[in-house]
Amino acid sequence: MSHTTKAPRHLSGLRNARYGEILLISPDEDGLKAAVYTTFGLNDCPPERWNALDPRALAEQFQVPMVFLNGPRFWTIDEVTAFHWGDTAMFDGLEARWVAEVRIPAGIDLTGATGKKFYVDTTVKRDTEYVLSSGKPVHTLVAPVDRTYVLQAYSHTVDDSQTMDSLASLGRRLQLPQGWQYQVHVPEDDLVVRTVAGDAHVVQDELENTYMLLAHGASPVRSR
């Protein structure tokens, strides 16, 4: 698993594009860590290939204790620049590229069966800049202490009926923690969501939609 640094890659036209993530999970000092591979930029995570993936067989192939399939997913951002990325690997015929490492806190239940997975801030080691274009809906979770998480992708893992349009009413479906709010707004300028010192802080809701923290002190808008 090569984590090679290469020249920055910029991709646009992402909104509603389909992809999948494959997480190779192994022990870490404080819990677990996962090497994250994405199909985006290589293929659209074809259903016949994605549905045929066997996590146990992949774990044996890559010599890790566990593999977690995260997807299929659909971007809710418009552009991304990746400043650090790696090589590709084949997962039973499905090509995916290394893009990040996730630190999974002790006690997190990846299956979601106990609920100890959702609305938990998790650190993702990656160096990226996301852009959400002006004039298009931005979906956010606003947490206590003035923390805002911007929706980066919705998921079909739990509910494959989710669409870009259905996100407008998503807040009525979520069992939000006390003090949290789901909001939708349309920015007049581009919204830029940047990692800080190579770290992204993300949370998932119970439908496994993923949100990234909008860092304080960052420049939140970009004029055209």
Conditions (1) in contact with a His (Cβ under 9 Å, 6 or more places away or on another chain); (2) closer than 15 Å to THR88 by Cα; (3) not hydroxyl-bearing (Ser, Thr, Tyr): number failed by ARG18: (2)
Checking VAL124 against (1) of a type in the set (A, V, I, L, M, F, W, C); (2) part of a strand (DSSP E or B); (3) over 26 Å from ASP30 (Cβ atoms), the condition it does not meet: (3)
Subset of segment 59-101 (residues that are β-branched (Val, Ile, Thr), over 19 Å from GLU48 (Cα atoms) and either touching a Leu at 6+ places or on another chain (Cβ under 7 Å) or surrounded by fewer than 17 Cβ atoms within 10 Å (Cβ to Cβ) (or both)): VAL64, THR76, ILE77, VAL80, THR81, THR88
Residue count for segment 46-58, restricted to those that are open to solvent by 50 Å² or more (accessible area, probe 1.4 Å) and aromatic (Phe, Trp, Tyr): 0
Residue in segment 20-34 that is touching an Asp or Glu at 6+ places or on another chain (Cβ under 8 Å), modelled with pLDDT of 95 or more and open to solvent by less than 20 Å² (accessible area, probe 1.4 Å) present: no
Single residue of segment 123-139 satisfying the filter (more than 11 Å from THR81 (Cα to Cα) and among the hydroxyl-bearing types (Ser, Thr, Tyr)) that is least open to solvent (accessible area, probe 1.4 Å): SER133
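The values are calculated or read from the model by the stated rules, or taken from the named source; none is laboratory data. Predicted, not measured: the structure shown is a model, and the values here were computed from it. Neighbour counts run over all protein chains shown; Cβ positions are idealised from the backbone, glycine included. Surface areas here come from the heavy atoms of the whole protein model, side chains and all, with no ligands, DNA or RNA. Shrake-Rupley method; radii C 1.70, N 1.55, O 1.52, S 1.80 Å.
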